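Trainee: Could you have a look at this structure, given as C-alpha cells, before my questions?
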Amino acid sequence: MMEGSLVQIVALLGWLILAGSALASFKLSWSKALKMSLTWLAIFGGVFLLFSYVSGG
C-alpha cells in the first residue's frame, strides 16, 4: 500500500468518527439513525460510482 493511500484511509476514518459523533449528539432513535446513515451511505456511494464511471476507472 502506498503512503498516500494510508493517509487517505486515516483521514476518511477521522471524518467518519466526526460525522458519527455529530449524529450521536442528536440523540435519535436507533431506527431513525440507521435510516439516515443508510441514506448518506447511498448518496456517497452513488457519487463515488458516478465519478468512477466518468473518470473511466
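The values are calculated or read from the model by the stated rules, or taken from the named source; none is laboratory data. No experiment lies behind these values; they were computed from the predicted model shown. Heads up: the accessible areas ignore ligands, DNA and RNA and are worked out on the full protein's heavy atoms, side chains in. Shrake-Rupley method; radii C 1.70, N 1.55, O 1.52, S 1.80 Å.
Trainee: Taking just the alpha-carbon atoms of the range 1-55, what radius of gyration and Dmax come out, in angstrom?
Mentor: Values for the range 1-55 (Cα only, Rg and Dmax): 14.2, 40 Å.
Trainee: Then there's this: What is the angle, in °, between the Cα long axis of helix 30-55 and the longest principal axis of the Cα atoms in the chain? Nearest 10 is fine, range 0 to 90.
Mentor: Helix 30-55 sits at roughly 20 degrees to that axis.
Trainee: Summarise the accessible area of the range 17-57 (1.4 Å probe, protein heavy atoms) by the percent that is carbon and sulfur.
Mentor: Ligands and nucleic acids excluded, carbon and sulfur give 78 percent.
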